[in-house]
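Accompanying notes for the structure given below.
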Ligand code: SAH
Ligand code: MG
């Protein structure tokens, strides 16, 4: 096995042990393919966690540049360590902060939304301004462990509220006059939104 594979496995193991919700394998593959197919070079990620998706995206091709935002300091520090370990600190600009209050000026080919599920609409509205005209916004966990489609069975109130929020986000995307969205049942569910 290559060094990259071995190091990636270590991050996956850390995520599992510390219950950090990194993107599912299938979703990651989809993202990497999307980046390759669409010649994506400049990416903004909301929600870095420990850097797993950012590292995988940075490795998808040459000259890929990523800005990724994480508000939890422990995760931010772990991400910093992982990014350095992969020698990607020139390609990945890791920012410690709350994506909802930060001010980002640049424009991106791809914005990957993967932070607090209850705040998806807020991220989308705020960061649509940072999307290049032909760019796409991809969102993770649209399916939410299958819970979005079987709400009756959920007992915990907090979880039910989150599922409601994701449903609101799906409705927001479906009724959005500016963006056209396609939903994919890969990994934990992904949506791809592009300007009409
Ligand atoms: N994209 C990562 C997983 C991210 S998990 C991967 O697939 O590898 C979601 C992360 O979003 C958590 O670490 C959480 O701390 C962070 N987060 C939640 N709200 C945020 C906000 N407003 N700004 C920045 N990060 C946020
Ligand atoms: Mg996710």
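No lab work stands behind these numbers, since they all come straight from the coordinates. Computed from a predicted model, the values in this text were never measured in an experiment. Note that each Cβ is placed from the backbone with ideal geometry, even for glycine, and that neighbours are counted across all protein chains shown.
The simple spin-label model puts a point 7 Å past each Cα toward its Cβ; for residue 167 and residue 121 those points are separated by 1.4 nm.
Full extension of the chain segment joining residue 129 with residue 153 gains 4.9 nm, where the gain is 0.36 nm per residue of separation less the Cα-Cα distance.
If you take the C-alpha gyration tensor of segment 3-195, multiply each eigenvalue by 5 and take the square root, what semi-axes do you get, largest first, in whole Å?
On the way: eigenvalues 121, 84, 50 Å².
They are 25, 21, 16 Å, listed from largest to smallest.
For residue 2 and residue 174, FRET efficiency with R0 = 30 Å and r from the beta-carbon atoms, rounded to 0.05?
Working: r = 42 Å, r/R0 = 1.39.
E between residue 174 and residue 2, to the nearest 0.05, is 0.10.
Between residue 84 and residue 38, the C-beta separation translates, for a Förster distance of 30 Å, into a calculated FRET efficiency of about 0.60. Exposure proxy shown here: for 181, 68, the number of other Cβ atoms within 10 Å sets the order, fewest to most, as 181, 68. When the Gaussian network model of the chain links Cα atoms closer than 10 Å, the mean-square fluctuations of 24, 70, 178 top out at 178.
Could you line up 92, 104 from fewest to most neighbouring Cβ atoms inside 10 Å? Mind showing how you got there, number by number?
Details: 92 25, 104 18.
Ordered from fewest to most neighbouring Cβ atoms within 10 Å, 92, 104 come out as 104, 92.
When 105, 7, 149 are ordered from fewest to most other Cβ atoms inside 10 Å of their Cβ, what list results?
Details: 105 6, 7 14, 149 10.
Listed from fewest to most nearby Cβ atoms, that is 105, 149, 7.
Pull up the DSSP beta bridges for segment 3-195 and report the antiparallel fraction as a percent, rounded to 5.
Numbers: 11 of 30 bridges.
Given both bridge residues lie in segment 3-195, the antiparallel proportion sits at roughly 35 percent.
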